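Colleague: Would you mind keeping the following structure in view while I ask a few things?
No value in this document is a laboratory result; all are computed from the given coordinates. Everything quoted here is computed from the prediction, not taken from an experiment. Note that we place each Cβ from the backbone using ideal geometry, even for glycine, and neighbour counts take in every protein chain shown.
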Amino acid sequence: MKLVGLTGGIGTGKSAAAELLVRRGLPVIDADEAARAVQAAGSEGLAELVKEFGSEILTETGDLDRQRLAALAFGDPDRLARLNAIVHPRVRAWMAERQRELADRGEPMVVQSIPLLYEARGAEGFSAVMVVYAPRAAQLQRLVEQRGMAPADAEARIAAQLPIEEKRRLTPYVIDNSGPLDRLPAEVDRVWSQVAAGLA
């Protein structure tokens with residue numbers, strides 16, 4: 001089975017690009033979905049997070065308050081490292097299990113959508129990596145206007161990742177999402193065609 005990575009920066013449109021690949025019929029294993037699963041109410045992962053960060057990260061219904069956890073962890077390197085040490089191994093295990101299921105079905109190729117691909121594991125093991133790109137100013141604007149983040153919080157989230165300009169230099173497969181969202185489908189098609197041709 002060939003592995004293709006999909007990554008980007010927060011606010012660049014990686015999730016939208018992943019959804020477009022799914023619509024093309026490609027199997028996509030999403031690290032964001034994995035993170036939600038391993039931090040779900042009643043999970044071992046959530047219990048570890050509460051032990052580390054306190055019950056203030058829970059909602060009234062016992063679910064994870066992601067915004068509260070982000071406010072506690074991002075901007076503090078030590079806390080962020082502790083968060084990643086709890087979440088990342090569980091996310092990798094969840095994704096590995098999904099990959100085994102797809103391999104058992106005989107899928108020849110799978111896309112792994114991983115926000116921190118370069119930061120957490122690097123490109124080793126991937127036949128190709130696609131980066132969804134938007135300039136930092138666009139990232140900040142989208143986080144503030146579309147997700148309702150305070151500018152300082154948005155800056156902290158962006159700063160916690162490898163700069164998007166650096167990510168785009170690490171691969172020839174760059175999906176440019178710096179323009180309007182309605183241009184993204186054609187851009188995803190263009191880059192995926194390049195990837196598929198390179199792996200043929």
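Colleague: List the lysines whose alpha-carbon lies under 29 Å from that of LYS14, not counting same-chain residues fewer than 8 positions away?
Modeller: LYS2, LYS167
Colleague: While we're on this one: Pull out the extension gain between ASP182 and ASP104, defined as 0.36 nm times the separation in residues minus the alpha carbon to alpha carbon distance; nm, one decimal.
Modeller: Computed gain between ASP182 and ASP104 is 24.5 nm.
Colleague: Something else: Around LYS167, what is the net charge, scoring Lys/Arg as +1 and Asp/Glu as -1 over all other residues with Cβ under 14 Å from its Cβ? Walk me through the numbers on the way to the answer.
Modeller: Working: positive: LYS14, ARG121, ARG136, ARG168, ARG169; negative: GLU119, GLU165, GLU166, ASP176.
Within the 14 Å Cβ shell, the charges total +1.
Colleague: As a test of the formula, what do you get for the chain when each DSSP H run with n ≥ 4 contributes -39,500 (n - 2.57) and the sum is divided by the residue count, at 222 nm and rounded to the nearest 500 deg cm²/dmol?
Modeller: Details: 10 runs with 108 residues, N = 200.
Value at 222 nm, helices only: -16500 deg cm²/dmol.
Colleague: Identify the residues of region 91-112 with backbone N under 11 Å of a label point that sits 7 angstrom from the Cα of ALA200 along the Cα-to-Cβ direction, or state none.
Modeller: Counting backbone N atoms under 11 Å from the label point, the list is empty.
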